[in-house]
Amino acid sequence: MTTLPIGKLLILIWFSILAYIVIFKAIHIPITYDELASSTFYPRMGISDIMQNAGGSWPNNHILHSLLVKLSEYFFGVSPWSVRLPNSLSFFLLIGVVYVLAVQFFRRSVALLCLLPVVLLSDPYLIDFYSLARGYGLSNAFMATSIMGLLFYISFGRIKWLYLCISFAALAVYANFTLFVYWAALHLILIPVLVVREGAGRAAVQLAVYIFFLAALLISVSYQPLADMSRLHRFIYFSDIGFF
């Protein structure tokens, strides 16, 4: 336990280096081609048009991200850092989650305590997401928060953590529709877990009702964008076997 302060200090130094890189790039790197739609096209649309994906031949699968970019541009104007602000802020959520997980589960070993943040946050491709105006960084941070809630429920058995888990899984999907894969897998896991661990108790029934209504809400706001993407053959890469 005496190594905990040393480990925490090393983690904070690592986080500070990464945060500096993310912020520096978000401010100084010019807008890239992949960010054009997220930074100029979608934010010019009305809120309802963004949510209904009224983008013609250019469908959007990063709805929540587009809404947050629009909000950021409203308050701070249009600049490289303002259109990237939602992702850059989500990086602090991500490092907060990684810090909590490291301290909670690996605090007895300074080596393991420091290893987790290094392993999870050493991929430059991943870190790049938080300096770009795309929905990938935002959705990854939300997914990490959701996974933390699931791990805390498994470890401590308090059902309140599943509300956090389910809520952030839905936010991850709305930030990037590819996270529907995680969302669906999570629900397939939770159904048997709830039956075995919680039975038919009041808390489990309340959570089941929350899951049902949140799922219905998520599907209702995602249906039209997904239908547009399917109509315009934006899922064709799912059938491309060349990558594997």
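The values are calculated or read from the model by the stated rules, or taken from the named source; none is laboratory data. Note that the structure is predicted; figures quoted are calculated from it, not measured. Using ideal geometry, Cβ is built from the backbone for each residue, glycine included, and neighbour counts are taken over all protein chains shown. Please note that ligands, DNA and RNA were not included when accessible areas were found on the heavy atoms of the full protein model with its side chains. Shrake-Rupley method; radii C 1.70, N 1.55, O 1.52, S 1.80 Å.
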Residue, surrounded by the most Cβ atoms within 10 Å (Cβ to Cβ), within region 63-77, restricted to residues that are over 20 Å from Asp34 (Cα atoms) and touching a Ser or Thr at 6+ places or on another chain (Cβ under 9 Å)
Phe76
Can you give me the number of residues within region 78-117 that are open to solvent by less than 20 Å² (accessible area, probe 1.4 Å) and outside any helix (DSSP H, G or I)?
1
Of (1) in contact with a Leu (Cβ under 7 Å, 6 or more places away or on another chain); (2) in contact (Cβ under 8 Å) with a residue 24 or more places away in the chain, Gly149 satisfies all except one. Which?
(2)
Among (1) under 28 Å from Met148 (Cα atoms); (2) over 21 Å from the mean Cα position of the chain (by Cα); (3) at pLDDT 85 or above; (4) open to solvent by 40 Å² or more (accessible area, probe 1.4 Å) - the single one Leu120 does not satisfy:
(2)
With respect to Asn60, determine if the residue is on the phi > 0 side of the Ramachandran plot, touching a helix residue (DSSP H, G or I) at 6+ places or on another chain (Cβ under 8 Å) and open to solvent by less than 60 Å² (accessible area, probe 1.4 Å).
no
Filter result (modelled with pLDDT of 95 or more and under 21 Å from Phe91 (Cβ atoms)) within region 150-172
Leu164, Cys165, Ser167, Phe168, Ala169, Ala170, Leu171, Ala172
So Ala227 fits all but one of (1) buried (at least 16 other Cβ atoms within 10 Å of the Cβ); (2) at pLDDT below 90; what number is the exception?
(1)
Restrict the check to region 141-160 and report whether at least one residue is open to solvent by 40 Å² or more (accessible area, probe 1.4 Å), under 13 Å from Ile211 (Cβ atoms), out of contact with any strand residue (DSSP E or B) (no Cβ under 6 Å at 6 or more places or on another chain) and not basic (Lys, Arg).
no
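A quick yes/no check of all residues on (1) within 29 Å of Val118 (Cα to Cα); (2) touching a Leu at 6+ places or on another chain (Cβ under 6 Å); (3) modelled with pLDDT of 90 or more; (4) of a type in the set (Val, Ile, Thr):
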| site | (1), (2), (3), (4) |
| --- | --- |
| Phe24 | yes, no, yes, no |
| Ile27 | yes, no, yes, yes |
| Leu36 | no, no, no, no |
| Met51 | no, no, no, no |
| Ser57 | no, no, no, no |
| Leu67 | no, no, yes, no |
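Please pick out the residue among Ser48, Ser88 that is among the polar types (S, T, N, Q) and under 19 Å from the mean Cα position of the chain (by Cα). Give the derivation first.
Working: Ser48 fails: under 19 Å from the mean Cα position of the chain (by Cα).
Matching residue, one of Ser48, Ser88: Ser88.
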Mind checking which residues of region 146-167 are in contact with a Ser or Thr (Cβ under 9 Å, 6 or more places away or on another chain) and either within 17 Å of Leu120 (Cβ to Cβ) or among the small types (Gly, Ala, Ser) (or both)?
Ser146, Gly149, Ser167
Tell me whether region 46-57 contains one or more residues that are touching a Gly at 6+ places or on another chain (Cβ under 9 Å) and part of a helix (DSSP H, G or I).
yes
